[in-house]
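The values are calculated or read from the model by the stated rules, or taken from the named source; none is laboratory data. Quantities reported herein were computed from a predicted structural model and do not represent experimental measurements. Quick reminder, even Gly has a Cβ in these numbers, built from the backbone with ideal geometry, and neighbours come from all protein chains shown. Surface accessibility is based on the protein's heavy atoms, side chains included, excluding ligands, DNA and RNA. Shrake-Rupley method; radii C 1.70, N 1.55, O 1.52, S 1.80 Å.
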Amino acid sequence: MTLGVSLGVVVGYLAVALALGLVAYRVSETTAEDYYLASRSIGTLVLLFTTFATLLSAFTFFGGPNLAYAAGPEWLVVMGTLDGVLFAVLWYVIGYKQWLIGARNGYVTLGEMLGDRFGSTGLRALVAGVSLLWLFPYVMLQQMGAGEALVGLTDGAVPYWGGAALITGFMILYVAVAGLRGVAWTDTLQGLFMLSIVWVAAAWIVSAVGGVGAATEGMLAARPEFGSFGGGTYTPGFIVSTAITIAFGVTMFPQINQRFFVAKSGAVLKRSFALWPVLVLLLFLPAFMLGAWAAGMPIEVPEGANVLPVVLNEYAPAWFAALVVAGAMAAMMSSSDSMLLSGSSYFTRDLYRPLIDADASERREAWIARIGVAAFATLAFVASLFRPGTLIEVGDTAFSGFALLALPVICALYWPRTTRTGMIAGVAVPQVAYLAVVLSAVVGAVPTLPRTVLGGWDVALGLMVLSGALTVAVSLVTAPTEEGDASRFAVVSD
Amino acid sequence: MVRLRSDLVWIPTFAILVAFAVPWPLWGVDRVVAGLPAWIWWHVAWLGLCAALFALFVRSGAWERGMGRRPESSDGRSGGPAPGGDRR
């Protein structure tokens, strides 16, 4: 009975989201600009929530509370700083600049923008290839999250692979029919839904344990070290490197970066910018505090399970727990479908067209995109069955990989002297180095290279510095190529 | 549009906003205020401050001047980049 209710709520919610996508599909045009960018017509509320919902994935919804449960509520500060403040500043520095030049030159992807500026198909393909590479673990992360969520909700009646398969099928279907307009519309629905549901959940659980003060007391009784700031996992090195790598990484995520091209007007970007810190806090505060408070509650969290569904099953009725899981699945889905959509545009526009078939018809391109999405999601699904790390570990790997792109891109945006060779060196060398670090942990034959040094400092942070230094240094010793055109990135004012 | 010298103050302002969103001065402090650890209140208040200053940054026109554009050309659809010479 309860199992039926739980599954009914989850599947029903997903069906509503799909219906909304179909409506969006009906009003869509069949051009690539409409499919990927909704004809650059996205307003403040929708832009805000589509970026918000896309940012907030299994990483936030399950990974965050899990980490707060295990290591303390400092995760709130790490995520709040990087998402609420640093990302907002980058939203201006990278996002607004990209919007200005993107609207003028008609860019749809980051690779296209850089390839055009430096007159280089190779750079365009390199940026797209690197982006798709790191997108893979992040899509996988959503599938892992969904699999774990349904196991937790149904007490194992739905197996891990079943939940992961359900969300995979759903997101392929969704991306194939809806395009960005559909994705943006459902993101708004899901963003509002998640925001309200997480507050109701927090209110419910807090009142069940006797108020905020009692919840904190319980937490401190069980884990006294949670009360003081820092310590344990949270060394200064961990806080600083996590905040910097994730915030810069987020701006280079295909689905986030492409959002920089979709705003209807500059005013939309401005309003979203100013609301960002508050919106982020509204979601993180209840979600992560619930995770931390759970440390003081009489609950048993099984190995590999997520804290949030366990707490909800203990203190809230089954239908409500199902609703929260549905919200979390929605978060994962909106992350994944945006990612897949952006990934497919990177694939068709920056790899397939320039390298394989420049004369492909629009129809053919659309089919290639959809087949690419299905293949990518299926491969990620297969990989997710191996569960190669915790949600936070897998997510962090992907974020850091993207973060290595950020400084060369900022260089290109603001420094006209940047050269093609400088860009290629600044992108390729740190990527190879980071890939070696990541793969050394997976491949048994080679010694594992350290991911962090000197008490929590992430090697990716060092590689970020390297990426910036290489871009500048190599640019200074090489001459701009004939095909490059710095004026493509100039901001003009009448 | 020429950039204003006074706009440069936004650079250190943003740096401070980012740096102290992490409550460094409360490192190791375990006081509980109104049901939550004091450092969480710091963070909450700081993000509120960020939102207020971000709004001010936008409203003052520094948002547009920072990119070398005219502040008044910023609203509505007409805010799109206009054709013309390079200002940078």
Inset, instruction - Could you please put B:50, A:411 in sequence from largest to smallest accessible area, using a 1.4 Å probe? - result: A:411, B:50
Inset, instruction - Return one number: the angle in degrees, 0 to 90 and rounded to the nearest 10, between the long axis of the Cα atoms of helix A:266-293 and the longest principal axis of the Cα atoms of chain A. - result: 30 degrees
Legend entry - residue A:355-residue A:45 pseudo-label distance in nm [points 7 Å out on the Cα-to-Cβ vector]: 4.2 nm
Legend entry - Gained length - residue A:417 relative to residue A:212, 0.36 nm times residue gap less alpha-carbon distance: 68.3 nm
Legend entry - Estimated FRET transfer efficiency when R0 is 41 angstrom, pair residue A:3-residue B:16 (beta carbons, to 0.05): 0.20
Inset, instruction - Rounded to the nearest Å, what's the spacing between the alpha carbon centres of region A:203-248 and region A:89-121? Just the number, please. - result: 38 Å
Inset, instruction - Can you tell me how much longer the chain between residue A:436 and residue A:393 gets when fully stretched, taken as 0.36 nm per residue apart minus their C-alpha distance, in nm with one decimal? - result: 13.8 nm
Legend entry - Percentage, to the nearest whole number, of Cα pairs in region A:2-400 over 27 Å apart: 47 percent
Inset, instruction - Using amide H atoms built 1.01 Å from N in the peptide plane, name the residues 5+ places from residue A:452, or on other chains, whose amide H lies under 5 Å from its own. - result: A:459
Inset, instruction - Describe numerically, in nm with one decimal, the distance between label points set 7 Å from Cα along Cα→Cβ at residue A:282 and at residue B:45. - result: 2.3 nm
Legend entry - Derived scalar couplings ³J(HN,Hα) [region A:61-76; Karplus, 6.51 cos²θ - 1.76 cosθ + 1.60; whole Hz; x for Gly, Pro]: 6, 10, x, x, x, 4, 5, 5, 5, 7, 10, x, x, 4, 4, 4
Inset, instruction - Take every Cα pair under 8 Å in chain A that's 6+ residues apart, average their separations, divide by the length, and report that relative contact order as a whole percent. - result: 31 percent
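Per residue, how much accessible area does chain A have with a 1.4 Å probe, in Å²?
33 Å²
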Legend entry - Estimated FRET transfer efficiency (residue A:196, residue A:367; beta-carbon r; R0 56 Å; 0.05): 0.90
Inset, instruction - With N set to the residue count of region A:355-494, report its C-alpha Rg divided by 2.2 N^0.38 Å to two decimal places. - result: 1.34
Inset, instruction - Tell me what chain A gives for mean residue ellipticity at 222 nm when only DSSP H runs of n ≥ 4 count, each as -39,500 (n - 2.57), the sum divided by the residue total, rounded to 500 deg cm²/dmol. - result: -24000 deg cm²/dmol
Inset, instruction - For residue A:293, tell me the accessible area in Å² from a 1.4 Å probe, rounded to the nearest 10. - result: 20 Å²
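When DSSP beta bridges are limited to those with both residues in the protein assembly as shown, what percentage is antiparallel, rounded to the nearest 5? Before the final figure, lay out the partial values.
Numbers: 6 of 8 bridges.
That works out to approximately 75 percent antiparallel.
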Inset, instruction - Could you run the Karplus curve 6.51 cos²θ - 1.76 cosθ + 1.60 with θ = phi - 60° over region A:362-370 and give me ³J(HN,Hα) per residue in whole Hz, x for Gly and Pro? - result: 4, 5, 5, 4, 4, 5, 4, 4, 5
Legend entry - Sequence-separation-based contact order of region A:342-431, relative, with Cα cut under 8 Å and 6+ spacing, percent: 21 percent
Inset, instruction - At a 1.4 Å probe radius, which order do A:240, A:10 fall into by accessible area, largest first? - result: A:240, A:10
Inset, instruction - Just give the residues from region A:471-492 buried by at least 50 square angstrom of accessible area in the all-chains context relative to the isolated chain, probe 1.4 Å, and say none if nothing qualifies. - result: A:491, A:492
Legend entry - Gain in span if fully extended, residue A:105 to residue A:469, counting 0.36 nm per residue against the direct Cα distance: 128.2 nm
Legend entry - Average beta-carbon neighbours from other chains, 10 Å sphere, peptide A:278-284: 3
Legend entry - Using alpha-carbon coordinates, inclination of helix A:160-209 to the longest axis of chain A, degrees: 40 degrees
Legend entry - FRET efficiency, 1/(1 + (r/R0)^6) with R0 30 Å, evaluated for residue A:235 and residue B:33 via beta carbons: 0.75
Legend entry - Distance histogram for region A:134-188 (every C-alpha pair counted, 5 angstrom bins, percent rounded to whole numbers): 5, 19, 20, 21, 20, 10, 4, 0
Inset, instruction - Tabulate in residue order the Karplus-calculated ³J(HN,Hα) for region A:10-23, using 6.51 cos²θ - 1.76 cosθ + 1.60 with θ = phi - 60°, rounded to whole Hz; enter x for Gly and Pro. - result: 5, 5, x, 5, 4, 5, 4, 4, 5, 4, 4, x, 5, 4
Inset, instruction - Starting from the exponent 0.38 and prefactor 2.2 Å, build the expected Rg for region A:128-258 from its residue count and divide its actual Cα Rg by it. - result: 1.37
Legend entry - DSSP-loop GluC sites (Glu not before Pro) across region A:279-371, with at most 11 other Cβ within 10 angstrom: A:300, A:303
Legend entry - Span from the region A:319-385 Cα centroid across to the region A:443-494 one, whole angstrom: 27 Å
